[in-house]
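Below is one structure; the comments refer to it alone.
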């Protein structure tokens with residue numbers, strides 16, 4: 001069986017709907033106002049009669065730029081109209097601020113990643129900020145930021161889908177099903193390549209900055225570092241058409257809206273805008289030393305932690321300890337489900353709730369850690385496997401197999417389905433597999449066949465008998 005050619009994604013929004021996605025704003029209220037004014041002008045134009053407008057803000061409203069307070073005031077003041085809806089997603093910068101407000105254990109280095117600019121916009125004197133004291137920093141945030149702005153940020157969403165597009169701040173990990181994406185993934189994942197994902201989503205995201213908008217095979221990135229470059233990007237979608245708008249401003253002039261003349265279609269790694277001052281990444285786990293000495297010491301420390309962790313694992317009989325997450329319980333407590341703006345939840349699990357029950361198959365229990373490695377499960381059969389779903393119940397997982405069996409009979413191997421019960425970050429779901437592939441080539445070919453017919457899948461490497469015996 002030969003693998004089919006790579007399918008071309010179908011990407012469009014519903015007929016009669018115009019969607020705008022706004023990239024990372026970072027305190028540039030002047031550019032935000034220019035984008036909103038342009039969108040509202042189109043809403044009221046005679047040519048737009050009968051059309052529905054949805055505007056999605058991709059997060060990172062605050063930090064780094066000069067007017068975070070004004071940005072939140074402007075966004076919180078927007079209200080839906082009969083023909084218009086405003087959707088606000090959460091960025092990692094908003095999450096860190098909320099973590100501080102809630103007294104979570106986050107790094108005080110927030111002030112190094114634009115937090116000082118945010119507090120200054122609320123009238124805080126930077127010299128009064130506490131050094132290396134999370135509790136006092138959180139108190140300063142609670143005293144400076146109005147309750148209305150905090151409530152607005154609490155109501156922000158993690159993702160939404162309209163038509164064939166999934167909108168999310170940071171992105172989706174390409175090596176996981178959508179149901180397996182964590183809150184951390186959606187807020188913190190950064191793209192450094194343009195591989196074809198197995199989750200089957202066409203993603204519109206910010207967070208990974210670039211000098212020009214990115215048009216990849218299955219994603220669009222629109223973080224053009226507005227706070228430093230002076231160029232905010234808005235993606236306009238209508239039917240199958242896409243338009244990349246550039247909102248910019250020169251001196252004291254009003255913001256101008258033009259069209260990006262060039263896109264980055266071969267994005268491989270992050271390129272910082274030339275006019276942007278070098279700035280470290282906002283990540284409470286990241287410690288990016290400025291001197292080689294500290295880099296060497298950090299490497300030694302990491303090696304010591306790995307060796308001690310290995311020793312503890314051996315002494316603990318092979319059971320992995322629960323990892324300690326860096327952020328709030330909201331980020332680590334659940335697997336995020338789809339937020340649909342075009343009707344009821346259309347996720348696989350929701351569609352299949354009334355599906356016919358099928359005979360049960362053996363269910364293996366797995367305790368998964370963030371790296372998605374299985375620990376302490378009844379041993380699955382060795383051999384290559386293709387994952388075809390991650391569902392809420394074993395019946396839904398079996399239904400996923402039946403759906404595959406009904407549409408890809410000729411490509412199925414001589415094997416049976418397998419379902420594993422998995423618990424990740426407090427969420428239980430069931431992975432559905434097709435098993436029994438003799439080698440990676442046959443598993444990859446089968447997965448390619450499924451993707452060509454619209455079924456997401458992922459190939460899992462073979463388990464050796466020695467690995468199973470060690471468990």
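So which of 143, 151, 135 is touching a helix residue (DSSP H, G or I) at 6+ places or on another chain (Cβ under 9 Å) and over 20 Å from residue 207 (Cβ atoms)?
Values: 143 fails: touching a helix residue (DSSP H, G or I) at 6+ places or on another chain (Cβ under 9 Å); 135 fails: touching a helix residue (DSSP H, G or I) at 6+ places or on another chain (Cβ under 9 Å).
The match here is 151.
From the list 172, 235, 187, pick out the single residue that is free of Cβ contacts under 8 Å to residues at least 40 places away in the same chain and crowded, with 22+ Cβ neighbours inside 10 Å. Don't jump to the end; show me each part of the working.
Working: 235 fails: free of Cβ contacts under 8 Å to residues at least 40 places away in the same chain; 187 fails: free of Cβ contacts under 8 Å to residues at least 40 places away in the same chain.
None of the others qualify; the one that does is 172.
Could we say that residue 131 is at pLDDT 90 or above and over 30 Å from residue 13 (Cα atoms) here? Quick ask: steps written out before the conclusion?
Values: at pLDDT 90 or above: no; over 30 Å from residue 13 (Cα atoms): yes.
When the stated conditions are applied, residue 131 does not pass them.
Take residue 149 and tell me if it is buried (at least 21 other Cβ atoms within 10 Å of the Cβ), under 30 Å from residue 77 (Cα atoms), at pLDDT 90 or above and more than 15 Å from the chain's Cα centre (by Cα).
Working: buried (at least 21 other Cβ atoms within 10 Å of the Cβ): yes; under 30 Å from residue 77 (Cα atoms): yes; at pLDDT 90 or above: yes; more than 15 Å from the chain's Cα centre (by Cα): yes.
Criteria met by residue 149.
In region 158-173, how many are farther than 10 Å from residue 59 by Cβ, within 8 Å of the chain's Cα centre (by Cα) and assigned to a loop (DSSP other than H, G, I, E, B)?
Selection size over region 158-173: 3.
In contact (Cβ under 8 Å) with a residue 12 or more places away in the chain, surrounded by fewer than 18 Cβ atoms within 10 Å (Cβ to Cβ) and not in a helix (DSSP H, G or I) - does that describe any residue in region 29-51?
Yes: one or more hits.
The values are calculated or read from the model by the stated rules, or taken from the named source; none is laboratory data. Just so we're clear, the structure is a prediction, and the values are computed from it rather than from any experiment. When we count neighbours, we look across all protein chains shown, and the Cβ atoms used for this are built from the backbone with ideal geometry, even at glycine.
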